[in-house]
1. How many residues are under 16 Å from residue 216 (Cβ atoms), among the small types (Gly, Ala, Ser) and assigned to a strand (DSSP E or B) if we restrict to region 147-193?
2. Restrict the check to region 169-184 and report whether at least one residue is open to solvent by 80 Å² or more (accessible area, probe 1.4 Å), farther than 20 Å from residue 113 by Cα and of a type outside the set (Ser, Thr, Tyr).
3. Part of a strand (DSSP E or B) and either open to solvent by less than 40 Å² (accessible area, probe 1.4 Å) or in contact (Cβ under 8 Å) with a residue 24 or more places away in the chain (or both) - does that describe any residue in region 139-146?
4. Using the structure shown, decide if residue 150 is modelled with pLDDT of 95 or more, touching a strand residue (DSSP E or B) at 6+ places or on another chain (Cβ under 6 Å), farther than 21 Å from residue 111 by Cβ and basic (Lys, Arg).
5. Right, residue 85: among the small types (Gly, Ala, Ser) and part of a strand (DSSP E or B) or not?
6. For region 80-93, give me each residue that is open to solvent by less than 50 Å² (accessible area, probe 1.4 Å) and within 19 Å of residue 41 (Cβ to Cβ).
7. Residue check: is residue 126 assigned to a loop (DSSP other than H, G, I, E, B) and either modelled with pLDDT of 95 or more or in contact with an Asp or Glu (Cβ under 6 Å, 6 or more places away or on another chain) (or both)?
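The values are calculated or read from the model by the stated rules, or taken from the named source; none is laboratory data. Nothing here was measured: the structure is a model prediction, and the numbers come from that model. As a convention, Cβ positions derive from the backbone with ideal geometry for all residues, glycine included, and neighbour counts pool all protein chains shown. Surface accessibility is based on the protein's heavy atoms, side chains included, excluding ligands, DNA and RNA. Shrake-Rupley method; radii C 1.70, N 1.55, O 1.52, S 1.80 Å.
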Amino acid sequence: MRNHIENQQFDQERALYHLTDGLVSACLFSGPADGESVLKECRNITVKDCIFSLRYPLWHAHCFHLLDSNMDDKTRAPIWYAENGRIENCDINGIKCLRECDYIRIFNSRIVSPEFGWKCRDVKIADSQIESEYLLFESRNIEINNLQMKGKYSFQYIKNMTIHDSILDTKDAFWHSSHVTVENSVVKGEYLGWFSDHLTLINCRIIGTQPLCYCNHLKLVNCTM
């Protein structure tokens, strides 16, 4: 990579705007200037071992790899309108992480983010923990494996999703969802699956007070309720 930025602190607005073909390692994005959008419009970059405490750091990012990094609760709306990204071994605590993103891969990460993953497309999540009040609202083409999640109004209006080997502790999950398959998982939802279309649960343990009302094309295969 042409640009290697290491062991520096940035707090100015758009400090590394449009960084291209770069490696950013062991940097701190925080300070009195309270600048935002520090890596906006970046291209083909790797961000490793960094700490973020500023708003909107990775908007309109293309082909990025974020690994072994931390985003605290001041990192509001950290990743919007991004595509072709990989998030690995990260701890993210900023509200509204991932909005209208495409082709994002998340591995071995812990995320606490209300309104996580809204209106995203082609997202894969594996071996991770997510806590989000509204998880993956109006997203499509989602693949999830080994996720431990906690939320309230999860997977609403979602289309084309598969979930395997996961624990879902939620409330009104899968409302108005379409073509969702959940397999080998624990699904806890007080009002689970209402108004869903083509919801399939295979080898699942289902826990809920009033689950599966007003469903169309519902399929339960070898489940325990």
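1. Result for region 147-193: 1.
2. So far as region 169-184 goes, yes, one or more of its residues are open to solvent by 80 Å² or more (accessible area, probe 1.4 Å), farther than 20 Å from residue 113 by Cα and of a type outside the set (Ser, Thr, Tyr).
3. yes
4. no
5. yes
6. 80, 82, 85, 87
7. Working: assigned to a loop (DSSP other than H, G, I, E, B): no; either modelled with pLDDT of 95 or more or in contact with an Asp or Glu (Cβ under 6 Å, 6 or more places away or on another chain) (or both): yes.
Spelling it out, it is not the case that residue 126 is assigned to a loop (DSSP other than H, G, I, E, B) and either modelled with pLDDT of 95 or more or in contact with an Asp or Glu (Cβ under 6 Å, 6 or more places away or on another chain) (or both).
To keep it simple, each residue is scored yes or no on (1) in a loop (DSSP other than H, G, I, E, B); (2) surrounded by fewer than 16 Cβ atoms within 10 Å (Cβ to Cβ); (3) touching a Ser or Thr at 6+ places or on another chain (Cβ under 8 Å); (4) not β-branched (Val, Ile, Thr).
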{"site": "24", "(1), (2), (3), (4)": "no, no, yes, no"}
{"site": "56", "(1), (2), (3), (4)": "yes, no, yes, yes"}
{"site": "65", "(1), (2), (3), (4)": "no, no, yes, yes"}
{"site": "95", "(1), (2), (3), (4)": "yes, no, yes, no"}
